[in-house]
Amino acid sequence: MKPPVPQEYDQWLEQLQTVDFVLTELQLYLDTHPSDPQALQQFRAWTERRRLIAGQFEAQFGPLEATGGARSLHHWDWVESPWPWQV
Amino acid sequence: MFTQQKRYYPYVSPYDPCAPIRQKFYQTPPELYLGFQPPGLPQYSAREALARGTLWPALYSPYGKSSREAQR
C-alpha cells in the first residue's frame with residue numbers, strides 16, 4: 001500500500017483549483033465579451049500561470065490527467081496510484 | 001440599490017394541519033439587477049474568488065446565510 005501523499009500535495013491542488021476557478025470565470029465572461037482586451041490579457045496570463053503550476057505539480061507527483069501527454073518513454077506513469085481524486 | 005433577499009408572508013389558514021410559517025425568504029442575487037455585465041468591474045483576489053464563488057464583488061451573493069434562523 002503506498003504511503004500517503006506529502007502535505008504539499010493538497011496545497012498544490014488547492015492552488016491549481018484556485019487558478020482553474022479564475023480561468024473558468026474569465027472564460028464564461030469572455031463568452032459574452034469576446035473582445036474585452038483586459039479580460040483577454042488576464043486570461044492569457046492566468047493560463048500561463050496554470051501551465052506552470054500544473055507542470056511543477058506533475059514533475060513532483062505525476063500526471064494530473066491520463067491524456068496529459070506521457071512524459072517518460074519507458075513507463076506509463078498514469079497507472080501509478082494515487083490518482084488525484086483518490087487522495 | 002437592491003436587496004439580496006426578500007420576504008413574503010404566506011396566507012395562514014385555520015385549516016392548516018401544521019404550524020404556520022409566517023414569513024418566507026427568497027433570494028434575489030445581483031445578476032437579476034445587473035443586466036449585461038460592464039467590462040472592467042473590480043475583482044477579488046484568486047483565493048477570495050474561490051471562497052466566494054465569483055470573481056467580481058458586484059456579483060457576490062451571500063445566498064441568505066443570515067436568514068435561515070428567522071424563517072418561522
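The values are calculated or read from the model by the stated rules, or taken from the named source; none is laboratory data. Remember, it's a predicted structure, so these values are computed and weren't measured experimentally. Don't worry about glycine lacking a Cβ; one is built from the backbone with ideal geometry, like all the others, and counts go over all protein chains shown. Surface areas here come from the heavy atoms of the whole protein model, side chains and all, with no ligands, DNA or RNA. Shrake-Rupley method; radii C 1.70, N 1.55, O 1.52, S 1.80 Å.
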For the stretch B:27-32, in residue order, the Karplus 3J(HN,Hα) values (coefficients 6.51, -1.76, 1.60; θ = phi - 60°; whole Hz; Gly and Pro = x) are 8, 10, x, x, 5, 5
Rounded to the nearest 0.05, FRET efficiency between B:Arg52 and A:Glu65 (Cβ-Cβ, R0 35 Å) equals 0.80
Under the 7 Å Cα-to-Cβ spin-label approximation, A:Ser35 and B:Tyr11 lie apart by a distance in nanometres of 5.5 nm
At R0 = 41 Å the Cβ-Cβ FRET efficiency linking A:Trp78 and B:Leu41, nearest 0.05, sits at 0.50
What the Cα atoms of the protein assembly as shown span along the principal axes, largest first and in whole Å, is 77, 47, 23
Here chain B gives, from Cα atoms, an Rg and Dmax in Å of 17.0, 55
In Å², rounded to a whole number, the accessible area per residue of the protein assembly as shown with probe 1.4 Å is 71 Å²
Taking alpha-carbon centroids only, the stretch B:1-69 lies from the stretch A:1-67 a number of Å equal to 29 Å
In nm, the gap between the two label points placed 7 Å beyond Cα toward Cβ at A:Arg44 and A:Val87 is 3.1 nm
Out of A:Gln38, A:Gln17, A:Gln27, a Gaussian network model of chain A with alpha-carbon springs under 10 Å gives the largest mean-square fluctuation to A:Gln38
